[in-house]
Every structure is written in C-alpha cells, then in structure tokens.
Number of protein chains: 4
Amino acid sequence: MQIGFIGLGSMGLPMASNLLKAGFQLKVWNRSPARAQELVKLGATLVEHPADTVDPQGVVISMVADDAALRAVVLGEHGIGQRLRDGGIHLSMSTIDPQTTRELAALHAAQAARYVAAPVFGRPDAAAARMLFVLCAGPQAARQAVQPALEAMGQRVFDLGDDAAAANVLKLSGNFMILGIIEAMAEAMSFGERQGVPRERTAEVLTQSLFPAPIFVNYGKQIAAHSYAPARFKLALGLKDADLVLAAARRVALPMPLAQLMQGRLLSAVAKGRGELDWTAAALGASEDGALPGAR
Amino acid sequence: MQIGFIGLGSMGLPMASNLLKAGFQLKVWNRSPARAQELVKLGATLVEHPADTVDPQGVVISMVADDAALRAVVLGEHGIGQRLRDGGIHLSMSTIDPQTTRELAALHAAQAARYVAAPVFGRPDAAAARMLFVLCAGPQAARQAVQPALEAMGQRVFDLGDDAAAANVLKLSGNFMILGIIEAMAEAMSFGERQGVPRERTAEVLTQSLFPAPIFVNYGKQIAAHSYAPARFKLALGLKDADLVLAAARRVALPMPLAQLMQGRLLSAVAKGRGELDWTAAALGASEDGALPGAR
Amino acid sequence: MQIGFIGLGSMGLPMASNLLKAGFQLKVWNRSPARAQELVKLGATLVEHPADTVDPQGVVISMVADDAALRAVVLGEHGIGQRLRDGGIHLSMSTIDPQTTRELAALHAAQAARYVAAPVFGRPDAAAARMLFVLCAGPQAARQAVQPALEAMGQRVFDLGDDAAAANVLKLSGNFMILGIIEAMAEAMSFGERQGVPRERTAEVLTQSLFPAPIFVNYGKQIAAHSYAPARFKLALGLKDADLVLAAARRVALPMPLAQLMQGRLLSAVAKGRGELDWTAAALGASEDGALPGAR
Amino acid sequence: MQIGFIGLGSMGLPMASNLLKAGFQLKVWNRSPARAQELVKLGATLVEHPADTVDPQGVVISMVADDAALRAVVLGEHGIGQRLRDGGIHLSMSTIDPQTTRELAALHAAQAARYVAAPVFGRPDAAAARMLFVLCAGPQAARQAVQPALEAMGQRVFDLGDDAAAANVLKLSGNFMILGIIEAMAEAMSFGERQGVPRERTAEVLTQSLFPAPIFVNYGKQIAAHSYAPARFKLALGLKDADLVLAAARRVALPMPLAQLMQGRLLSAVAKGRGELDWTAAALGASEDGALPGAR
C-alpha cells in the first residue's frame, strides 16, 4: 500500500521507518530533505513538495512540530489541502490544538476528503521500538482504513470515536497529567530533601510502593538527580503543550489551576534559559523557590 | 512474643488482627473498648489504660487518628510515656507530623526507651489483606527488633534509616502526591468532558497507556463517576494530611504551591459539607469551577 | 480642526461628544449607525465606511471593543489602513494587545502615516465627565499633534514616550492591578464574614484607613453588597483584558501567578453565566469556595 | 491616670512616649529593660515584672511581637493574668491570632477583668507621629474607658463592637491586603519592565491615576527601585501575619488562594535569606521567576 508521509523529525523518522519495515510504500517529504536519506535506503521515495506525497484518494500521514507547521503543509503553496480529495485520508499524528483539527477536518471535508487524528504517547525511543500508544479518532470508515498503518507504528491503538478532535483532547490531557506529576514529584522530593530524606530515596520508595508506573520510575530518576540533559522531550515543547491545554480550556471556560501552575513553571524555566533541557527540568522551580541546590 | 497495641480504628483493627494470626500475643487498648471484641475472640487481652499494654522493656504499637490522639496516649494520664523504659520500643504507625516524632523520640530516649516510626501506605482493605507498604525508620537495633511484627502486617517494609522522622516525611510525601494526582485527574477529566470526551474514557485511556498504576485505575474510576461514598479514606483526614505537609514545609521554609492548591480544594470541600466523603471528592472543585455537573 | 472618530460604544460616544463640545469637527463611523444620532445633532457628520472618516494627512481616532474590531476597521475593506498616509495619524485609544499596536504601527509607517496609542483609565461616567486618565505613547511630533484632542477628553494625559506599545502595556498593567485588588478585597471580606465581621465593615474600615483611593471605596461597596448589576464594566471584558495580560506575559516568558488566579476567577464566572455582570463579580469566587452566601 | 505598658519595641516605645506626653502616668516593662531609659526620663516608672505594671482594677497595655510573647506576659510567671481582676482592663494592641484573643478574653473574664483588642495600622514612624489607625473591639464600657489612651496614640479609633476578636480579624485583613497589593505591583512592574516600560514609570503612572493612596506611592517606590533595606516592616514579620491569616482561614474552612500565594512568596524569600529585609522584598519573587534583575 502506498502512503504519503510528511515530517521526518525525531518522531516521524522512526515511525516512517516502521511503516517501511511493515511493507508500506512511502512517498516522504521533510522541510530538510537530508533527513530522508535513511528512509530512501529503506525504499522510500523523497518528493519535492508536501502535495507530491499525496495519492488524491489515498492516505497521507503528517507528523510535524506544531499547529503552524501543520497549517503550512496543508494550506501552504504545494500543500496537501487542495490535492487530497474524494475519499482521501489525512492521518494527522501531530500534537496540536483540537481547534486546528476541527478547522482542517472541515476543509478536507469540503473536498470530500477525510481527516483522522491520531496523536501518540511515547518519545522517540518508543517510536523506534514500535511501542507508541496511538489515540485515534475520526470518521469510522477512515479509522478502519488506517488501522493497519497505525498498528505498524504502535503497540496499541485506542479507538476514540468519530470526533477527530477527541484524540487531540486526550493527547493534551495526557501531557498535562505528566506535567502535574512532574510538579508533584518535584515538591515531594524538595520536601524530603529539606528534612533530611535524599531525593533518590523519595523517588525509590514512592515508585516501589504507591506509584509503580514507568513514568514515575523514569521521570523520578531524572528529577531526583536533577539530570535534565540531553532532553528526551524538550521543555520548550512541553510549554507549547501547556499553552495548547490552557488555550483549549480557555475556549470552553474551564479554569485549570494545576495547568496554570505548570505553565508558570515552564515559562520561568524558559526565561532562565532552560528551553532546550528535558521538560522534567520544570522541577527546578520547586527547588529554587526553597533555595535548594539545583543541577549538580 | 508479647506486644502492646493501641488504637483499634479502621486501620488498627485489621493490623492487630494480622499480628494475632501471625502468633503474636497482644494486650490491646482502644478509646472505645467495644472495638476490641473481635480481637479478644482471637486471643487478645483488653486492658483499661494505654499504659497497661506496656511491657516496660517490650514493644508497644500505636495506630491512632492524629497527633493529638498520639500525644494523649503517650503523655496523658495512664499514658505509655512514663511506663516504657530501658530498651522498650514505641512502634508508632500513625500518620503524624515529623515534629511530633522528634519530640516523642526525645521523650522516650530520656527513659532509655526507643521510638520507631512506621507509618503505612494502604487503606483498611489493604491492611486486612496484609498488603500495606510500611515505611520504617528509627534506631537500627530497634528497627530490627520490630521487623517480624511489621512483616506480619504488610507486604513490604522499607528501611529508611536511623532518623525516625524520615518515615513520617515520606508518608506525607506519598499522601501529598496522591492529592496532586487527584487534582491532575480531576482537571483532565473536566477538560475532556467539556470538549465531548466522557470522563470514563479519559480515565480508561490514560490508565491503559501512560499511567497503569493501580492508584490511577482505582481513583480514576471514582473520579470519573463522581462516586465518593462510602469513603475509603475520608476527605477530612486528607485535609489533615495536607495540613501536616504544609506545616512541615512551613517550618523548613519550602513553598509547595501544589500542596496549597490541594489544601484549598479540601478546605472548600469541607466548607461545602463533604468532609465525610472519600478524599477523591476534592475532584468536585475542578468540576464546579467550570460549572460542570458534579455528583450524579 | 477636523478629526475622524471610529467607534461609538459606551466609551467612544461620550469621548466624541466631548471633542465636539471642545470645538473639534468630527466625521464619525460606527458599526451601528443609529448610535451616531446624538453626535449628528451636535454637528458631527456620519459617514458610511471607516475610511470615509479619514483626512489622509489628518487625525483619525479609533475606540473599539477589541483587537479584532480594530483590525477590521484598519485592515478590512473600506478600512483606514490604506487611506491614511503621509503624516496622517491614527490615534488608537482601545484597550488592545501591545503586539497589535506594533503590527499596526508598522503597517501605517509603510504609508508614512503615524500610530499613537492612547488607551484610557475610566469608565463611561468618567468619559462623560472628561475625567479619563489618558496613557499616550508614539512618535513625539504625533503625540504633540494629538495633545489638544486628548485634553478635550481626559483630566490628565500621561506622556509615555516614543514606543506606542508602552501605553498598551501600562493600560493592561492597570487593569490587572484592579483585578488583583478585587481578589484581595473579596478574600478579605470573606475572611471577615466567616469570623463575624460584616463585609461592609471590612470595606469601610480598610478604605478609611489604609486604602483611601476611590477604587477601593467604590469597588469595595459593590463587593461588600455582592451588587454586580448593572455592570459598569462587564466581566467578559475584564476576562478579555486578563487574556491580553497573560498573552503578553507569555510572549516575554514572565510568569504572573496573580494574573492567572484572576483569569481563573473570571473564567469560572463566565462558565457560571456571569459574563454580563460587573467584573467585580469575580469576588463571588472567594465566597463560593468557602460556601458563603453570594448575591443576596 | 495610671496605666501599665508592656512591650517597648519599635512600635511600643513611641506609643508609650505619646501616652506620657498626653499626661498619662506609666509603669513600663520590657524584656530588655534598657529600652525603657528614654521613657524613664519622660517620667515613666520601670518595673521588674509584667505583673508589676498592673493596678488590679486599672488598665494595662500590651504591645509585643507575637502570640507567644503575649502568652508569656499574660500566663507566665509574674504575668498579668492573675493580677488583673475586678474590672481591670487588658488593652491588647499586638497583631495576634483572633483565637488567642478569644482564649485570653475568657481567661481574664474568669477574674472579672476585661480584654479589649486594639491592634493598629501604621509603622514606627506613624506611631511616633501619632498617626496610627486603631482598630478597637471589646466590652463596651471597657472600650469607652480606654478611648482617651487610644486617642493619645492614634489619628483615629475605629469602634468595632463587643467581640474583641473582630479587631484582630480586621487587622489581619488589612495586612493581607497589603501583601496582595505588593504582589500586584510586583507583577505589574515586571510585566512593564519586560516590555520596555521602566519600573518607576509603571509605579508613577498607576499611583497618579488609578491608585493615589499613600500605600501605593510609598511601597511602589520601594518595589520599583528594589530597595528593601533598611526594613520598615520586616519580611519575617509579614510572614508571621500571612501565617496567622491562613491559620484563621483554615479554622473556618475558607480557601484564600491569594493569601497562599503571598505566604509562598514570603517563605521563598526567607529561604533565600531575606527575612530581615522589608516585606516589600516579596516582590523579588516575581522578578526572579522571570529572570529579571533583582536588587541593584
């Protein structure tokens, strides 16, 4: 099966690679074409414009950095927006604003094309290992059509119904919860540290008792050690997600004080020059407020 | 082995029962002696005063509601404070202020007795099932001496070193983190609900992907359904713990904004008459702020 | 002197009226032309399009609801953007995002026209009484040219230098501070109320001692009585301003927790259907959190 | 008229001095007797113990640092508690917990003595200039009896009725509001600074327009210049007041998020070694969160 694939960043590249390994044929496009070399060796075709990836009635996957990048590849010159039509499917896997999904879905629908949102949980190493969790929503027939492709990229596909935006909402919910947990761990470890309990001990005991999930174990180690480089997920991207959460919450008039707290932590971190660190570096805020030592 | 056991509340009763089943002999005391009947049938001896449970050089366990109750059974008339001496061990398992631990440890030390703090993670059903996690700290020899008793009550004993207060600090850290997670789940579910994603779906997807720990699964179901009665852990007790966290943080000059947020949520819930509900009812705050429906 | 005037809302109408009374000749435009009748009686000329108010090298004043409305009258069809040129001055008095000011100033500059920002402090009654405080910034010669017009509308004109955006920044700062004071008064009155001190007493004593400024006296009375209708400044507009503050702060990576708190209060109020009340109704949040009675 | 006066700190000393100048005869006591020298020259009698200041049926004024100090002079050995009786009046002017007032009032009542609470607004310079605002509450006849003394110390006495605690509640409300205003000014000035508006300009424009009260002018100058030494009111004392506010709010189950924010700011400042600075130094928090320069 022939698929278009747009966006070969740290996530897109391993995802496309897994599609190729699963037998899909790919036409790929990336802003920096050099990133495609590895895939070309695996059999992908590198094309010049986003629109060139599109078989008008086929499937095109996008996995780009943010809403602006997605708009550019859909709506820009040589974008996929005009070219995809009559049953074609845009499988949009980026983490974006649910509102953008609604707008683009309407735009594609005007061409009789379909929009499926399928953002993922997992970082580049999980993408490479085909361990992503995929949150999939959109018109039912289209969801079913892309199922094999999604299964080639992730360990599990959650079927979230016909409203494509629901997948984006859930993706943002998950990232928000991680941010909340970063703060909870940061305050708990500072609380212990200040009273003679080493940060590592707090992390170990809590993850071996109440909180045995991998996210606590892995993030807990980083936060305990104040070890934030190299970034597995950049703090500046975490701030982007906090922004999206608060923008969506603002639209529906929902106060989210914990999301605000985390946006503040991330903003402060960016102001202090930490945008390129891992987003767990938001934990430095709790330490600095208490005049505790930070990075060691 | 003969042990004293003070405090037969919803936690103390199953814990004492497990000790009896493991072959320990108990002298028990409770403010309401009627609570002891079940244990007496199992072979325990009911005594009239806290001090009567004490073999001066033996071990006495306390599991009471709060700092005030603990002070009463130690320092009050017929308390254990004067009676325990010369190597005797007070194994204090209540969730209390680390400062109280420091004070009582000093007081016992003045009689050449020893104080071991061993608060637990787990609710009454976990206590009954011997599934508690025990956080144990205090003088080394005393810790070792009480190890068999602790193992009879829990699934795992964490050894946290010589400073008894460290166990209380970690216990408070854990309860604080649960509160933070309640808020994170509450905001995430309200965020979804407001945008067309059912609360149950948010709970399911997130617990089956990013957050597979039991606490997310169990608490997530309650919060999704706004099902807060009967209480497994009363909200008023959760507020007590939030108070203890903030009091300890205040003493060491550590700001904890997430702990403050949660104290505010719990205070508001108490003001609204929800102190007897489960502490997950703190999640109603996020719903009410957004004018979303609460209990159904 | 001939001036264009765009926007005859609750603020623009009395401001334009004062200009006419001071001897200025006005060409006026409003989305709903009926609003202009009163001014026409005073000698103003009603025109069909925003651009028709413009003498290309003259002065045109805009006083509209928000950034979108301003963009429409400048950039829209028959907007003033193309028509104003060669020394013409756009005197922009709306409360808008500093970023919009920067964009529009650059756009006008491309036509050799000039942009002066002059937002005001004061509500419609102050506008009618010529009691507005005017915050004026922009190119020096242009600032001087509009000085007589500004003096016809306000009690005092603050000269804030060449960077037009500075005036918008200060305007937002002022509105933010009012929001902060609303919260401070709301919490203080609830604090008293809960302990037997009537809300009115708290308001009276504090405004007659520490806080004798009119804003405390006037807002204090409203908040004490929970008297929020009719609105003197609508809560929904206050939320718009809180949004602008946080958007600007976000751009420069500045956390503003008090601004976040107030946005949350206002969002919650909108969710509860209070957008048309006076913005002091944000004070209901503190009362409701404590289960205190609200509107009486 | 003969009066006892206990507590000759930075507030008590000028207050006692004004009483002497107004013709009152004073027996004074202070923990450090050297502080009394100046008053002795003005005719006061220095005594050895708090109780020695008391004419059993007369008036004794206390003006001490905190609740603990007040308890010591009332309940301690040679305290005034036993000695004051049968119509004697304890005029308690310290800033304390309303709960302490309730306890001490009951204790004095058991001796047929009366307790009047009369905390003040104003710093030492205002005390010296007889410019204090006095908040007076307690049994009516006792209030009237102390009126001449209060008028000798302040510019205005607010009569707050029979419940002595009400005066403490209002005093705490006022100090809380000042803290809220410090944060509002801090965020506003940082907001401007970050966007090119000098801090001094923000302070000037806002105090000359919306906020003409002296507290904005004076505090605004300090915060604009980050000029926090020497302290006019120590930050550590401001934290004590924030603690009292939150403790009282906790007792009545009232969430106060702005008070929590300020306690956090003050705690952080203390952790950073700023307890001896002026309490306006809480404003450094907003600057540091945004990586703006602090003290210059």
- line: (1) under 30 Å from C:A165 (Cβ atoms); (2) surrounded by 24 or more Cβ atoms within 10 Å (Cβ to Cβ); (3) within 14 Å of chain B (Cβ to nearest Cβ) all hold for D:A242 apart from (1)
- request: Select from region A:18-31 the residues that are over 20 Å from the mean Cα position of the chain (by Cα) and either at pLDDT below 95 or of a type outside the set (A, V, I, L, M) (or both) and list them in ascending order.
  value: A:K21, A:G23, A:F24, A:Q25, A:K27
task: Within region B:148-185, work out how many residues are aromatic (F, W, Y) and more than 7 Å from chain A (Cβ to nearest Cβ).
output: 0
- line: The condition from (1) more than 24 Å from D:A282 (Cα to Cα); (2) among the charged types (D, E, K, R); (3) out of contact with any Pro (no Cβ under 9 Å at 6 or more places or on another chain) that B:R250 misses is numbered (1)
query: Which helices (runs of 4 or more DSSP H) does region D:1-113 wholly contain that include 3 or more residues that are in contact with a strand residue (DSSP E or B) (Cβ under 9 Å, 6 or more places away or on another chain) and aliphatic (A, V, I, L, M)?
result: D:12-21, D:67-75, D:98-109
task: Only residues that are farther than 17 Å from C:R143 by Cα and touching a helix residue (DSSP H, G or I) at 6+ places or on another chain (Cβ under 6 Å): list them for region C:96-116, please.
output: C:I96, C:D97, C:P98, C:T100
task: Mind listing whichever residues of region B:188-205 are assigned to a loop (DSSP other than H, G, I, E, B) and either assigned by TED's automatic domain parsing to the domain that holds B:A118 or buried (at least 24 other Cβ atoms within 10 Å of the Cβ) (or both)?
output: B:V197
message: Pairs needed: first member in region D:1-18, of a type outside the set (A, V, I, L, M); second member anywhere, part of a strand (DSSP E or B) and surrounded by fewer than 22 Cβ atoms within 10 Å (Cβ to Cβ); C-beta distance under 7 Å; at least 6 residues apart or different chains.
response: D:Q2/D:Q25; D:G4/D:K27
statement: Flagged in region B:135-153 as crowded, with 24+ Cβ neighbours inside 10 Å and not in a helix (DSSP H, G or I), in numbering order, are B:L135, B:C136, B:A137, B:G138
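Condition check ((1) modelled with pLDDT of 95 or more; (2) closer than 26 Å to C:R201 by Cβ; (3) surrounded by fewer than 24 Cβ atoms within 10 Å (Cβ to Cβ); (4) more than 10 Å from every other protein chain (Cβ to nearest Cβ)) across all residues:
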{"residue": "C:H226", "(1), (2), (3), (4)": "yes, yes, yes, yes"}
{"residue": "C:A229", "(1), (2), (3), (4)": "yes, yes, yes, yes"}
{"residue": "C:A236", "(1), (2), (3), (4)": "yes, no, yes, yes"}
{"residue": "C:R250", "(1), (2), (3), (4)": "yes, no, yes, no"}
{"residue": "C:L292", "(1), (2), (3), (4)": "yes, yes, yes, no"}
task: For C:Q208, indicate whether it is surrounded by fewer than 24 Cβ atoms within 10 Å (Cβ to Cβ), outside the structural domain of C:D66 (by TED's automatic domain parsing), of a type in the set (S, T, N, Q) and under 30 Å from B:G273 (Cβ atoms).
output: no
- prompt: How many of the residues in region D:114-124 are within 14 Å of another protein chain (Cβ to nearest Cβ) and assigned to a strand (DSSP E or B)?
  reply: 3
message: So if I check each of C:S32, C:S92, which one is surrounded by fewer than 17 Cβ atoms within 10 Å (Cβ to Cβ) and hydroxyl-bearing (S, T, Y)?
response: C:S32
statement: When restricted to B:I215, B:I223, the only residue in a helix (DSSP H, G or I) and touching a residue at least 40 places away in the same chain (Cβ under 8 Å) is B:I223
- prompt: What number of residues within region A:252-261 are more than 10 Å from chain C (Cβ to nearest Cβ) and either touching a Lys or Arg at 6+ places or on another chain (Cβ under 9 Å) or more than 20 Å from A:E183 (Cα to Cα) (or both)?
  reply: 0
message: Condition (residue is under 26 Å from C:L246 (Cβ atoms), without any contact (Cβ under 8 Å) to a residue 12 or more places away in the chain and assigned to a helix (DSSP H, G or I)) applied to region C:180-187: is it met by at least one residue?
response: yes
Identity of the residue in region D:186-203, within 28 Å of the chain's Cα centre (by Cα) and more than 7 Å from chain C (Cβ to nearest Cβ), that ends up farthest from D:A283 (Cα to Cα): D:A203
Test set (1) more than 10 Å from chain B (Cβ to nearest Cβ); (2) of a type outside the set (D, E); (3) in contact with a Leu (Cβ under 7 Å, 6 or more places away or on another chain) - A:Q140 fails condition number: (3)
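Per-residue answers, yes or no, for (1) at pLDDT below 95; (2) of a type in the set (A, V, I, L, M, F, W, C):
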residue: D:M11; (1), (2): no, yes
residue: D:A16; (1), (2): no, yes
residue: D:D67; (1), (2): no, no
residue: D:G87; (1), (2): yes, no
residue: D:S94; (1), (2): no, no
residue: D:D97; (1), (2): no, no
statement: When region A:1-17 is checked residue by residue, the ones that are surrounded by fewer than 20 Cβ atoms within 10 Å (Cβ to Cβ) and farther than 21 Å from A:D66 by Cα are A:M1, A:Q2
field: D:F176 within 24 Å of C:G196 (Cα to Cα), in the same structural domain as D:L84 (by TED's automatic domain parsing) and touching a helix residue (DSSP H, G or I) at 6+ places or on another chain (Cβ under 9 Å)
entry: no
- prompt: So which residues in region D:262-278 are in a helix (DSSP H, G or I) and either within 21 Å of the chain's Cα centre (by Cα) or aromatic (F, W, Y) (or both)?
  reply: D:M262, D:Q263, D:G264, D:R265, D:L266, D:L267, D:A269, D:V270
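The values are calculated or read from the model by the stated rules, or taken from the named source; none is laboratory data. Nothing here was measured: the structure is a model prediction, and the numbers come from that model. Ideal geometry is used to build each Cβ from the backbone, glycine not excepted, and the neighbour counts take in all protein chains shown.
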